[in-house]
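Just below is one structure, and these are the notes that go with it.
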Amino acid sequence: METRQKEILKTSISFIVLFVLYHLAEYMIVFKNHVAGFFIFQFLFFLSAWVLGNWNQKNGSTLNNMLTDLTVDQSILAAAGYTGPTLYWHTNTDANYYFATTYNNSGNSGAQWVANIVEVNGTVYALDKAIQVSGLYNEAGTAANVQAGLEAMVAAGTAKKLGTIATK
């Protein structure tokens, strides 16, 4: 079984377990009026959420892996005036910014770090031309450095600020 399939299986199992525990707790209070049963299943729900969350994270299920192959919404593409090939969201591991590239794990790895659209701290930027993600900052690739680089590009007229989105 491939890594991507394992991650999907782990996510599916986690969802099903949490779904069942949540609804068992709901059933106990709504239909049986059994307070102890409700608290037992709620405790099991939160304990399972913690265990399953750790299980998913320790086995390489990073945000980048979950976002890879997730296409950029058409409304964002329209606002950016983008008409090229399909874009997919990515992030560096543990980074607080996201970038859209044509890379989709299909072997065109040269496109992996070439960004067309970037989101950082809830602000979405469209770049006039795709650039290497490392070109957005001079030192460490922190969200603050990336945003400073993007703001400099906006001031220079080589990027535009599309607006803000909720990131949580």
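Please treat every number below as a calculation from the coordinates, not as lab data. All values reported here derive from a predicted model rather than from experimental measurement. Ideal geometry is used to build each Cβ from the backbone, glycine not excepted, and the neighbour counts take in all protein chains shown.
General remarks:
- Listed by Cβ neighbour count within 10 Å, with the fewest neighbours leading, 28, 1 appear as 1, 28.
- Label point distance in nm, residue 134-residue 2, each placed 7 Å from Cα along Cα→Cβ: 2.8 nm
- Net charge contributed by nearby residues that have their C-beta within less than 12 Å of residue 41 (K/R +1, D/E -1): 0
- nm² value of the averaged projected area, convex hull over the Cα atoms of the range 3-61: 3.6 nm²
- Neighbour-count order for 26, 7, 2, 119, fewest beta carbons within 10 angstrom listed first: 2, 26, 7, 119
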